[in-house]
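The values are calculated or read from the model by the stated rules, or taken from the named source; none is laboratory data. Computed from a prediction, not measured in an experiment: that's the story for all the values here. A quick note on method: Cβ atoms are made from the backbone with ideal geometry, for glycine too, and the neighbour counts reach across all protein chains shown.
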Amino acid sequence: MGTVPGWRGHGTASKTRTTLSGCDWRSPQSRKARLLCSRGRGFCGRKSDTRKFGSDLKETSTLKMVSSQPKYDLIREVGRGSYGVVYEAVIRKTSARVAVKKIRCHAPENVELALREFWALSSIKSQHPNVIHLEECILQKDGMVQKMSHGSNSSLYLQLVETSLKGEIAFDPRSAYYLWFVMDFCDGGDMNEYLLSRKPNRKTNTSFMLQLSSALAFLHKNQIIHRDLKPDNILISQTRLDTSDLEPTLKVADFGLSKVCSASGQNPEEPVSVNKCFLSTACGTDFYMAPEVWEGHYTAKADIFALGIIIWAMLERITFIDTETKKELLGSYVKQGTEIVPVGEALLENPKMELLIPVKKKSMNGRMKQLIKEMLAANPQDRPDAFELELRLVQIAFKDSSWET
């Protein structure tokens, strides 16, 4: 049994996600019945998402951050979901564009996702060009605001942490709590929109692979496991200082399901290896989930698997149609009869299954084929780590003169 990909949308599937609160992925329920983790879209400006100023935006057209003077002007809404609302905004002092995500903390799951994103991005001490940057996070209670910092003793912050840990609201439900994330603004949509609106381009493919592997190596070096890598969560920034470089910048975003691996108990000063940090909560988006994630026992090697699905789909333009949104999405899969099945789920059922890579002749060279097969190995120990992956992709990009050899 091998893969039968949907070349330009031959596959049809429901894109499903589970929340961190837990869902038995091994239950006999159908994939369509699994719990969705509905979150606001990433920080990107998409023409199709641009909306007229609504009452919510009019009421918050200026955002006061800590000081009495407004620091940001909200320009327009660019995305909305049950998780929050994303605005394009400008910094008054510099006129620089930023994205501001407003998250209503009215449910424990919203608080948990928001805090996980905050903890992950605030733990990074340096910036990376291919990872979304958190400028600041503001906690608002009714008319009072304060800048949020990790480990704060603020009663407002501690109430949110308690809400996340207990799974129930730990503050007065009559008060309106919001978190405001100020981050990079990306003007090119997401990876799905960008690639599927253009013809395949070898230079773009190479650039995207190098950027994504660099971002993942950076995250794993900083003890962060993303757990929801997919084209929807990879944003495009087309604004470059160097106009001679025509390839856009990718930014890995949406850290609501991420996990920051804590230091070793034996030696708190020694950072833990993400490849030795075992997690048990099955979460993510099913078409990008590794076999071991479905079982609920995995490490950062699950991110390698997800990136393997993304790169394979990008190189061969393998897509499926999300039955809920009717959107065409990049993603590889296995066809079983008339049903398409996530690669990770199929490998869980049959670890010895041989994936048919590549599907199209001359779509990739021998080195690339071997690397993707290793990234999608059923046994996570057979996959390269993020640092080896980055090195091998650089070697493939610059040592091979042709993808067709």
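What about ILE304, is it of a type in the set (Val, Ile, Thr), under 13 Å from PRO380 (Cβ atoms) and in the same structural domain as LEU257 (by TED's automatic domain parsing)?
Details: of a type in the set (Val, Ile, Thr): yes; under 13 Å from PRO380 (Cβ atoms): yes; in the same structural domain as LEU257 (by TED's automatic domain parsing): yes.
Judged against the criteria, ILE304 is a match.
What residue, among those in the range 378-405 that are assigned to a loop (DSSP other than H, G, I, E, B) and modelled with pLDDT of 95 or more, is surrounded by the most Cβ atoms within 10 Å (Cβ to Cβ)?
Kept after step one, since they are assigned to a loop (DSSP other than H, G, I, E, B), are these residues of the range 378-405: 378-379, 383-385, 400-405.
Filter again for modelled with pLDDT of 95 or more, leaving 378-379, 383-385.
Working: ALA378: 20, ASN379: 11, ARG383: 25, PRO384: 19, ASP385: 18.
Among them, the one singled out is ARG383.
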| request: Considering every residue within the range 250-258, establish whether at least one is modelled with pLDDT of 95 or more, more than 21 Å from LEU329 (Cα to Cα) and in contact with a strand residue (DSSP E or B) (Cβ under 8 Å, 6 or more places away or on another chain). | output: yes
| said: Cβ-Cβ distance below 8 Å, separation of 6 or more or different chains: which pairs start in the range 241-269 with a residue that is under 15 Å from LEU121 (Cβ atoms) and end on one that is among the small types (Gly, Ala, Ser) and at pLDDT below 85? | reply: ALA253/GLY42; ASP254/GLY42
| without any contact (Cβ under 8 Å) to a residue 40 or more places away in the chain and among the aromatic types (Phe, Trp, Tyr), is that true of TYR72? | no
| query | When only residues in the range 133-184 that are touching a residue at least 40 places away in the same chain (Cβ under 8 Å) and over 22 Å from VAL85 (Cβ atoms) count, which is surrounded by the most Cβ atoms within 10 Å (Cβ to Cβ)? | reply | VAL161
| said: Between a residue in the range 198-216 that is assigned by TED's automatic domain parsing to the domain that holds LEU229 and any residue that is at pLDDT below 95 and among the acidic types (Asp, Glu), which pairs come within a Cβ distance under 6 Å, given they are 6 or more apart or on different chains? | reply: SER207/GLU247
